[in-house]
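Here is the structure we will look at, set down as structure tokens.
Read-outs: derived from the displayed coordinates by stated rules, not from any lab. Model, not experiment: these values are computed from the prediction. Glycine also receives a Cβ, built like all others from the backbone with ideal geometry; neighbour counts cover every protein chain displayed.
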Amino acid sequence: MVSCKKGNIDATSTNPAVIPYQEGLTINFITVNTINRKYLVYRPVGMTNVNAVVTVLHGGGGLGLDVAQLGTHPLSVFRTNADKEKFLVVYPEGSSDSQGNPGWNDCRSDDIAGSKGDDITFLKQLNAKLASELSINASKMFLTGTSNGALMTYSYAFHFPETIKAIAVSSGNLPEFPESGMCTNSSALPVPIMLTYGTSDPAMPPNGGCVANLGGACNRGKVISQTATINYWLQRNGLQSVNPTITTLDINTTDAGNAEKRVYNGSQPLVCFVLNNAGHAVPSKTVYTSSSPASGVQNRDIEYAEEVWNFFKSLK
């Protein structure tokens, strides 16, 4: 059974005849397998029809849905961009990990400390609910995430690629030891994708290995390398023989290094941002994330939310 109820955070008006969500940011719930799951919806003021839905998955072990609060996290910039471009932004909340923090039960079979909830069913039912109540199809449904949310984005693309138009990820490599089923033998359906990587990411090792392994226990599982992850998607999208168009960006010369944009054009394109010497944080020009041994240094040459939307918009 699927149900929904809403509570207002900063709404200003409503137009339920067209879009069943108030303007502003609202709290919503959907019941999945008897469990109430929370998600936020941001509807820009003045938006009367939905030309796209961008679902944004937070990372694990940290802010959870607080990433939607303006100025708190680079993922909140999707709201600012939605104000300009008039699309709907959805922030689902993951299930609890071993420490009680919201995260995602992605395809890592060896993620001992991670979330154990049925997140894939939650996201599938949420995607279907949004499409139904907004009277739109998969061509207007997009998914993005960072870190644990990036791996959950991959998981969704393995299970239900026919229900979305494209995906984008920040700081997420594919699992080295995926769970059985669709995580191991996923659909071969091509999916347009944008990937963003810091070459000095201490939490999601560029050359593969243990995730977020400051304590040395490797209880978050292992991932393959950034290069192997990119090569998987190039093969899946039929782009192995395509030479990328490369552009270098160095807007902020005080950060760790420049950003290299690689564009692989095709019917199912791939765009990759290589953030030289950058760490784990979502890149942003406007929302600063302080450096630490756990996360490294943030790249400030690109605005992740803007680049993701530009990529999604180019496919419409």
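How large is ³J(HN,Hα) for each residue in the range 144-152, as worked out from phi by the Karplus curve 6.51 cos²θ - 1.76 cosθ + 1.60 (θ = phi - 60°), to whole Hz, x for Gly and Pro?
The phi angles translate into 9, x, 10, 6, 4, x, 5, 5, 5 Hz.
Once Kirkwood radius over Cα pairs in Å is worked out from the coordinates, which option in [x] 25.7; [y] 19.4; [z] 21.7 does it equal?
[y]
Hey, got the dipole for the range 116-173? About the Cα centre, +1 on K and R Cβ, -1 on D and E Cβ, debye to the nearest 20?
60
Sticking with the crude label model, points 7 Å out along Cα→Cβ, report the distance from Asn36 to Leu249 in nm, one decimal please.
It works out to 4.1 nm between the two label points.
Too long at a 27 Å Cα-Cα cut-off: which of Lys84/Lys222; Lys86/Lys129; Lys140/Lys222; Lys116/Lys285; Lys222/Lys285; Lys86/Lys285?
Check vs 27 Å cut-off fails for Lys84/Lys222; Lys140/Lys222; Lys116/Lys285; Lys222/Lys285.
If packing is taken as the mean number of other Cβ atoms within 10 Å per residue, what is the order of 46-54, 102-110, highest first?
In decreasing order of mean packing, 46-54, 102-110 become 102-110, 46-54.
For the chain, what proportion of DSSP beta bridges, expressed in % and rounded to the nearest 5, is antiparallel?
60
What number, rounded to the nearest 500 deg cm²/dmol, is the helix-based mean residue ellipticity at 222 nm of the chain, given -39500 (n - 2.57) per DSSP H run of at least four residues and division by all its residues?
Mean residue ellipticity, 222 nm, calculated: -6000 deg cm²/dmol.
Given the peptides 229-236, 272-279, 94-101, arrange them by the average over their residues of other C-beta atoms within 10 Å, most packed first.
For the peptides 229-236, 272-279, 94-101, the packing ranking is 272-279, 229-236, 94-101.
For the range 208-280 and the range 286-305, write down the distance between their C-alpha centroids in whole Å.
The range 208-280 and the range 286-305 have Cα centres separated by 16 Å.
Of the GluC sites (Glu not before Pro) in the range 222-311, which ones lie in a loop per DSSP and count no more than 12 other C-beta atoms within 10 Å?
Within the range 222-311, no GluC sites (Glu not before Pro) qualify (loop, at most 12 other Cβ atoms within 10 Å).
Compare the peptides 179-187, 281-289 by average per-residue count of other Cβ atoms within 10 angstrom and give them in order, highest first.
281-289, 179-187
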